[in-house]
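> Quick one: the structure is below, questions incoming.
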Amino acid sequence: MNDFLDDLLVRRQRVQQALSDSGADGAMLTSDVSLFYLTGRVFNGWLYLPPEGAPISFVRRPVDCDVPDAVKVHRTDDMLP
């Protein structure tokens, strides 16, 4: 891995540890700053970060966004099971 990807993993682990320590069920991140801090990308959408495990990216735009395992959505209702 390169240093940037290593940094992203460490950032995500730190936030997840804070979520776990606080007893939170997870965090839904929406700001460009938060998205870039944890994914290294800016996209129109949301990032759900559970206390452990892989995050889930809900992407509205760009349609061809290369976020791994992204769920394409048009509106927030599309995030519901």
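> Counting only heavy atoms of protein chains, what accessible area per residue, in Å², does the chain have with a probe of 1.4 Å? Display every interim value, and only then the final one.
Details: 5470 Å² over 81 residues.
Heavy-atom SASA per residue in the chain reads 68 Å².
> Just the number, please: carbon plus sulfur as a percent of the accessible area of region 42-81, 1.4 Å probe, no ligands or DNA/RNA counted. Show your work: numbers first, answer last.
Numbers: 1450 of 2670 Å².
Ligands and nucleic acids excluded, carbon and sulfur give 54 percent.
> Would you please name the trypsin sites (Lys or Arg not before Pro) within region 21-77 that are DSSP coil residues with at most 14 other C-beta atoms within 10 Å of their C-beta?
On the way: sites: 41, 60, 72, 75; in loops: 41, 75.
Those that pass, being in a loop and sparsely packed, are 75.
> Okay, moving on. For residue 27, list long-range residues whose amide hydrogen, built 1.01 Å from N in the peptide plane, is under 5 Å from its own amide hydrogen.
49
> What is the sum of charges, Lys and Arg at +1 and Asp and Glu at -1, for the other residues whose Cβ falls under 15 Å from the Cβ of residue 14?
On the way: positive: 11, 12; negative: 6, 7, 21, 52.
With Lys, Arg at +1 and Asp, Glu at -1, the neighbours total -2.
> Now for a separate question. Counting pairs of alpha carbon atoms under 8 Å apart in space and at least six apart in sequence, what relative contact order in percent does the chain give?
Value for the chain: 21 percent.
> Separate question: Taking the Cα centre of the chain as the origin, how large is its charge dipole in debye, to the nearest 20, when only Lys and Arg (+1) and Asp and Glu (-1) carry charge on their Cβ atoms? Display every interim value, and only then the final one.
On the way: 8 positive and 12 negative charges, 46 e Å.
Charge dipole of the chain: 220 debye, to the nearest 20.
The values are calculated or read from the model by the stated rules, or taken from the named source; none is laboratory data. Computed from a prediction, not measured in an experiment: that's the story for all the values here. Here the Cβ is made from the backbone with ideal geometry for all residues, glycine too, and neighbour counts use every protein chain on show. Keep in mind that these areas ignore ligands, DNA and RNA; they rest on the heavy atoms of the full protein, side chains included. Shrake-Rupley method; radii C 1.70, N 1.55, O 1.52, S 1.80 Å.
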